[in-house]
1. Within the stretch 29-47, track down each residue that is under 22 Å from His101 (Cα atoms), modelled with pLDDT of 90 or more and either of a type in the set (Phe, Trp, Tyr) or surrounded by fewer than 17 Cβ atoms within 10 Å (Cβ to Cβ) (or both).
2. Of the conditions (1) in contact (Cβ under 8 Å) with a residue 24 or more places away in the chain; (2) surrounded by 14 or more Cβ atoms within 10 Å (Cβ to Cβ); (3) not in a strand (DSSP E or B), Val122 fails just one. Which one is it?
3. What do you reckon, is Asp188 part of a helix (DSSP H, G or I), of a type outside the set (Ser, Thr, Tyr), open to solvent by less than 50 Å² (accessible area, probe 1.4 Å) and in contact (Cβ under 8 Å) with a residue 60 or more places away in the chain?
4. So which residues in the stretch 137-147 are without any contact (Cβ under 8 Å) to a residue 60 or more places away in the chain and either farther than 23 Å from Gly125 by Cβ or open to solvent by 60 Å² or more (accessible area, probe 1.4 Å) (or both)?
5. Residues in the stretch 78-95: is at least one without any contact (Cβ under 8 Å) to a residue 60 or more places away in the chain, part of a loop (DSSP other than H, G, I, E, B) and surrounded by fewer than 17 Cβ atoms within 10 Å (Cβ to Cβ)?
6. How many residues does the stretch 60-77 contain that are among the hydrophobic types (A, V, I, L, M, F, W, C) and exposed (fewer than 14 other Cβ atoms within 10 Å of the Cβ)?
7. Only residues that are more than 19 Å from Val105 (Cβ to Cβ), in contact (Cβ under 8 Å) with a residue 40 or more places away in the chain and out of contact with any Gly (no Cβ under 9 Å at 6 or more places or on another chain): list them for the stretch 19-45, please.
8. Check Lys98 against each of (1) surrounded by 20 or more Cβ atoms within 10 Å (Cβ to Cβ); (2) farther than 13 Å from Leu180 by Cβ; (3) not hydroxyl-bearing (Ser, Thr, Tyr) and name the one condition it does not meet.
Amino acid sequence: MSALAETTPPADLPTGLNVAAFLAWAPRQAGRYELVEGTPKMQPYVKLNHNRIVANLTLAIGPQLDPRRFELAAGDFAVEVGPRTLRYADLMVLPAGKDGHIRSVPDAKLLVEVLSESTMHVDFGEKRHEYMSLPDLEIYVVLAQDEPRAWIWQRDEKRLWPHDPLIIEGADAVLSLPYLGASVRLADVYRNVA
């Protein structure tokens, strides 16, 4: 394991931060953090499979998006889920035309998280609840890291969230994102994932 993977958060983390204060604090840190209820939380470093899934999904849905309506952001671009909470989804679709200097948005349309053992409880728990409280979010997708499987929450025609996710699995399954006018086979999302 690399030295970066072993990084532990400092004992003197600030508390009570708002989004602006966090965005001023975070770039000076050695690790990668999210802001959760005013307190920075260190994020794990990803494995190559995780990166492959995000890259494959980006390449697959990016060309299908109407560039006048949507654009993609990944990794270090954040979604604001409250005045003291800022999350970094693995991939998001946001409205096109935003100022190129911003570092976060409150109005993502799609948020995607790729599971890891250390974040599974957060992705299915608090992040799901936070994301689904966003008034502009249309779709939340969680992807397994080691097998072609997706959990999908999409608002219905009344803009209500389903109680349970649609679960699709297997290489031939299709991740359908009608709000975005996009769909992709899981075989394409999981290309070269070993």
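1. Across the stretch 29-47, the qualifying residue is only Tyr33.
2. Result: Val122 fails condition (1) only.
3. yes
4. Correct list: Glu147 only.
5. No, that holds for no residue.
6. Final tally of qualifying residues: 0.
7. If we filter the stretch 19-45 for residues that are more than 19 Å from Val105 (Cβ to Cβ), which is where we start, we get 25, 28-31, 37-42, 44-45.
Remaining after also requiring in contact (Cβ under 8 Å) with a residue 40 or more places away in the chain: 37-38, 44-45.
Within the stretch 19-45, just Pro44 meets the criteria.
8. (1)
The values are calculated or read from the model by the stated rules, or taken from the named source; none is laboratory data. Computed from a predicted model, the values in this text were never measured in an experiment. Here Cβ is always computed from backbone atoms with ideal geometry, including for glycine, and neighbour counts include all displayed protein chains. Areas reflect the complete protein model, heavy atoms only, side chains present, ligands, DNA and RNA absent. Shrake-Rupley method; radii C 1.70, N 1.55, O 1.52, S 1.80 Å.
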